[in-house]
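Here's the structure we're looking at; comments come further down.
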Amino acid sequence: MLEIKNLHAKIGDKEILKGLSLKVNAGEVHAIMGPNGTGKSTLASIIAGKEDYVITAGEILFEGKNLLELSPDERAREGVFLAFQYPVEIPGVSTTNFMKAAVNAKRKHHGLEPIVAKEFLALMNEKRQLVDLDKSYLSRSINEGFSGGEKKRNEIFQMAMLDPKLAILDETDSGLDIDALRIVADGVNKLKNKHNAFLVITHYQRLLNYIVPDYVHIMYDGRIVKTGDKSLALKMEERGYDWIKEEIGV
Amino acid sequence: MSFTDNIDVAFETIDKDNLSVVRESALTSFKALGLPSARHEEWKYTHIKTKLPETLRLAASFELQVASKLKYFNSIKGTKLVFINGDFSAESSVILAQSGLTVGSLKENSNLYPEQFEKYFNKATDISKENFAALNTAFVRDGAFIYVKKNTIVEAPVFVFHIYDNASADVFTQSRNLIIAEENSDITIVEDFQNSTGEKFYNHVSEVYVGRNAEVNYSLLQLHNPNTTSVNYVEARLERDARYHITTVTLDGKLVRNNVNAYMDGENALATLNGLYIGKDANHIDNHILVDHRVPNCNSHQTYKGVLDDGATGVFNGKIFVQKDAQKTNAYQSSKAVLLSDEASMNSKPQLEIYADDVKCSHGAAIGQVSKNELFYLLARGIDKDTARGILTYAFANEIIAAIKLPELKTYLDEKLKQRLNITI
């Protein structure tokens, strides 16, 4: 589904990704771990299409298409979803209206008519329950005055509404209490199926007790330096990142 | 050649009425002041002189179906005063009678309420300084007279519709309101200027008196056509414990100049002055705001928001005066504009003059673009760039409309705003 080959990227003069390669198939959950400033969030932003970065080498294929040639909104309509590390607050636009615009943009892209009101409301109702989001939140402005946990639940709600092929969770667990973490993880597990894939970026092994990955990648200094199964995450938790530094010889 | 060359001739054609004495002194003032040139500090960014029609005239009265012209006219509940080409139309108007409330034509009521006219007419505006207010006073044609007696809570809102026909060109009208809300009264007023095509020039003055502990909610809608030039004065005087909320909504117009002034004459008065303007193409929209704190313990809030696209220009000049005796004043001002194109421009000038030493005054002015982070958030959900920008612009602008109290008006303006911004959420 997703194939990243030898990706190099910089912001300004600073090189952040230095030859990253990754392959994700449908039905898989991949976790990316690594210390701060190693390029994990940059990778998420680049896949989603944020403009601040310059790609100096390499390519990203999504279902065989050159993803880097698509605009961020086209990528989303094709089925890429980014759950933001820091979801923005947008006063004046309700989550309901926002989601209606997003759902219809996707439908139009796939040659479908706009969703009928009744069907849309039923969809919203079903998906919000997945992350235990109260109905009142949907008529409020996007994320305005939401707690950290509510914002992250809203991200997963949006993910559920848009039913992406590839979902990237950018530190969705950071700053969440255990209850919110369980709700978010439950939501993800219910959305998981053999047709979609998840890329879970995290600092903490804790999340991976709830969302069990098929692969764990350790990222360091703009590259994936080690790949293993879920036991690798436990090892990281036990030994810290210095162990990796020693192993790769820096 | 401009109309000022023939001003005496034009003045001769006005019927003698109760306002004749005031008219004459206003004419003298106007002749002394002339029209403001670009050198006039208050008109620096708004070059109006060249925009005026050559004649001061109005097309003949005409008949029209008000209900079809204003789709929301029938759906709203309230008193509806209709002025067609500047003249009061009793047939088109709907007046919900209530004891303690007088609403109708300014011209007719100037004969019926000489005492109130003596006391209030032309007392809020300074015709020795304000060129267009002087011109308006000399040539007043008609407008709304709204008189709310002591302790009267006006149950239904009062709508004042100004409708102009499509055909006549170079129309230049001088409309005038007098609004008096006596002690402990409460009223909501919506004034709406509408027309569809043709060059129009309005010079409008509205004087508002908010008595002790009275409340006036006033919305001025400028849903013009793009050929409209309009100068407006909304002058309010507030007595002790008075509450006054004015909102101007300008969605189009060739040149619009609003002078929204509030004078705090009594302690513990509150004035909220809000404005929204959307400029496109070559629209020029100028808001000159003044709050004059003359006595202690008053509060004022100015919140202005604008969206400027294409080659549109905006002007915001917000004055707060705090006089020497006006201790414990709390005055706030915010002006924010979003520019959607490289050609659009905004001139913003906060002007605070504070002569008292124990006051709380703050102001902020921001001119910018749609937030990149917010835009990316919408794009990342599959919404295309144009729609996303539209949604964010709407969200920015909607704050002013959301603050309007009257639900039907809020719904109506919300739709108009979406239309203007071409969005369908």
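The values are calculated or read from the model by the stated rules, or taken from the named source; none is laboratory data. Quantities reported herein were computed from a predicted structural model and do not represent experimental measurements. Methodologically, a virtual Cβ is constructed for each residue, glycine included, from the backbone with ideal geometry; neighbour enumeration extends over all protein chains shown.
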- For the subset of region B:394-421 comprising residues that are hydrophobic (A, V, I, L, M, F, W, C), under 21 Å from the mean Cα position of the chain (by Cα) and not in a helix (DSSP H, G or I), which member is farthest from the other protein chains (Cβ to nearest Cβ)? B:Leu406
- Task: Name every residue in region B:2-19 that is surrounded by 11 or more Cβ atoms within 10 Å (Cβ to Cβ) and in a helix (DSSP H, G or I), in order of residue number.
- Result: B:Phe3, B:Thr4, B:Asn6, B:Ile7, B:Ala10, B:Phe11
- Any idea how many residues of region A:66-79 are more than 14 Å from every other protein chain (Cβ to nearest Cβ), over 15 Å from A:Leu43 (Cβ atoms) and in a helix (DSSP H, G or I)? 1
- Note on the structure: Sole miss for B:Asn122 among (1) in contact with a helix residue (DSSP H, G or I) (Cβ under 8 Å, 6 or more places away or on another chain); (2) surrounded by fewer than 21 Cβ atoms within 10 Å (Cβ to Cβ) is condition (2)
- Residues of region B:406-422 that turn out to be of a type outside the set (Val, Ile, Thr) and free of Cβ contacts under 8 Å to residues at least 60 places away in the same chain, as a count: 7
- B:Ile320 passes all but one of the listed conditions (1) free of Cβ contacts under 8 Å to residues at least 24 places away in the same chain; (2) over 30 Å from A:Met159 (Cα atoms); the exception is number (1)
- Task: Just give me the residues in region B:126-148 being in a loop (DSSP other than H, G, I, E, B) and hydroxyl-bearing (Ser, Thr, Tyr), in sequence order.
- Result: B:Ser128
- Query: If A:Thr56 passes every condition in (1) crowded, with 16+ Cβ neighbours inside 10 Å; (2) more than 24 Å from B:Lys385 (Cα to Cα) but one, which one does it miss?
  - Reply: (1)
- When region B:126-153 is examined, which residues are found to be within 22 Å of B:Asp265 (Cβ to Cβ), surrounded by 24 or more Cβ atoms within 10 Å (Cβ to Cβ) and not hydrophobic (A, V, I, L, M, F, W, C)? B:Thr137
- Message: Against the conditions (1) touching a residue at least 24 places away in the same chain (Cβ under 8 Å); (2) within 20 Å of A:Tyr210 (Cα to Cα); (3) surrounded by fewer than 21 Cβ atoms within 10 Å (Cβ to Cβ), where does A:Val131 fall short? Just the number, please.
- Response: (3)
- Task: Sort through B:Gly86, B:Gly100 and tell me the only one that's surrounded by fewer than 19 Cβ atoms within 10 Å (Cβ to Cβ) and at positive phi.
- Result: B:Gly100
- Item | Residue list for region A:80-113, filter: small (Gly, Ala, Ser) and either within 7 Å of another protein chain (Cβ to nearest Cβ) or part of a helix (DSSP H, G or I) (or both) | A:Gly92, A:Ala101, A:Ala102, A:Ala105
- Which residue, of A:Gly92, A:Gly64, is at positive phi, buried (at least 17 other Cβ atoms within 10 Å of the Cβ) and modelled with pLDDT under 95? A:Gly92
- Message: Residues that are within 14 Å of another protein chain (Cβ to nearest Cβ), in a helix (DSSP H, G or I), hydrophobic (A, V, I, L, M, F, W, C) and in contact with a Lys or Arg (Cβ under 6 Å, 6 or more places away or on another chain): does region A:140-156 have at least one?
- Response: no
- Task: Evaluate region B:109-121: report whether one residue or more is under 21 Å from B:Glu183 (Cα atoms), in a helix (DSSP H, G or I), under 21 Å from the mean Cα position of the chain (by Cα) and not aliphatic (A, V, I, L, M).
- Result: yes
- Assess whether A:Lys165 counts as being on the phi < 0 side of the Ramachandran plot, in contact (Cβ under 8 Å) with a residue 24 or more places away in the chain and of a type outside the set (Ser, Thr, Tyr). yes
- Item | Evaluation of A:Leu130 against (1) closer than 30 Å to A:Lys65 by Cβ; (2) within 14 Å of chain B (Cβ to nearest Cβ) (one fails), failing number | (2)
- Item | Test: A:Gln129 is modelled with pLDDT under 95, in a loop (DSSP other than H, G, I, E, B), out of contact with any Pro (no Cβ under 6 Å at 6 or more places or on another chain) and of a type in the set (S, T, N, Q) | no
- Message: The conditions are (1) surrounded by fewer than 23 Cβ atoms within 10 Å (Cβ to Cβ); (2) within 14 Å of chain B (Cβ to nearest Cβ); (3) closer than 25 Å to A:Lys65 by Cα, and A:Ala167 fails exactly one of them. Which is it?
- Response: (1)
- Task: Residue by residue through region B:287-327, note down the ones that are more than 23 Å from B:Asp265 (Cα to Cα) and of a type in the set (Asp, Glu).
- Result: B:Asp309, B:Asp310
- Message: Quick test of your reading of the structure: A:Asp179 fulfils all but one of (1) among the charged types (D, E, K, R); (2) away from every other protein chain (no Cβ under 14 Å); (3) surrounded by fewer than 20 Cβ atoms within 10 Å (Cβ to Cβ); (4) in contact with a strand residue (DSSP E or B) (Cβ under 7 Å, 6 or more places away or on another chain). Name the failing condition by number.
- Response: (4)
- Query: So which residues in region A:46-65 are facing another protein chain (nearest Cβ under 9 Å) and either closer than 14 Å to A:Val80 by Cα or of a type in the set (Phe, Trp, Tyr) (or both), if there are any at all?
  - Reply: A:Ala48, A:Gly49, A:Lys50
- Note on the structure: Counting only strands (runs of 3 or more DSSP E) entirely within region B:318-393, those with at least 2 residues that are surrounded by 17 or more Cβ atoms within 10 Å (Cβ to Cβ) and within 14 Å of another protein chain (Cβ to nearest Cβ) are B:330-339
